[in-house]
Amino acid sequence: MASPPLKISGLVANAVDLTHEAIKALPAHVQVGNVNTIVPKYSGSGIKLAAILEVAQPEEGVDYIGLHGTLDDFHASIPLNVIAASAVIMYSDSEGNPLEAKDGGPYRFLIPNSAACHTDEIDECANVKFLDHIEFTSGKGFDNRPEDDEAHEALHKSQE
């Protein structure tokens with residue numbers, strides 16, 4: 001089954017929908033053979049966020065990246081400069097197959113060394129599963145991550 005494309009939009013020179021095949025065909029210098037070398041909890045292939053920046057070419061003044069997962073209606077907006085050099089987008093499982101929903105697919109956004117959930121803007125909850133849309137914005141965009149302990153606990157329980 002074909003994986004849905006990763007939509008790239010917002011304040012960019014090149015809005016594009018990247019298929020799994022197009023992502024896999026990006027140059028070797030942006031590929032991550034196994035993301036567990038960066039985020040040990042996960043295993044599979046990924047690309048550096050730098051690859052998306054090269055393709056999309058965000059406009060001057062873009063300072064936030066919106067991460068959207070339609071499947072669970074989850075959205076995070078985080079400062080781009082903090083994660084631009086380190087974030088990875090996982091697109092394949094350890095056998096090279098497109099990520100399935102049971103593994104957090106179609107794409108999974110991973111930030112190494114993120115803070116514990118609900119403790120910082122770049123927290124574990126910004127590691128967005130079911131990612132299908134990346135949006136570049138000037139200023140913080142839509143973000144529905146829980147803001148209090150009760151809502152945060154409820155979110156994690158709903159995902160078990």
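Read the figures in this text as sums done on the coordinates, not as results from a lab. Source: prediction; values computed, not measured. For neighbour counting, all protein chains shown are included, and Cβ atoms are generated from backbone atoms with ideal geometry for every residue, glycine included.
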Completion exercise
Highest mean packing first, using Cβ neighbours within 10 angstrom, the peptides 25-33, 131-139 sort as 131-139, 25-33
Problem - Efficiency of FRET from Cβ geometry, E21 and V82, R₀ 25 Å, rounded to 0.05 - result: 0.25
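Just list whichever of K102/K129; K48/K140; K102/K140; K24/K102; K48/K102; K24/K48 have alpha carbons separated by over 18 Å in the model shown. Mind dumping the intermediate values first?
Numbers: K102/K129 10 Å; K48/K140 22 Å; K102/K140 29 Å; K24/K102 21 Å; K48/K102 22 Å; K24/K48 12 Å.
Distance filter (> 18 Å) returns K48/K140; K102/K140; K24/K102; K48/K102.
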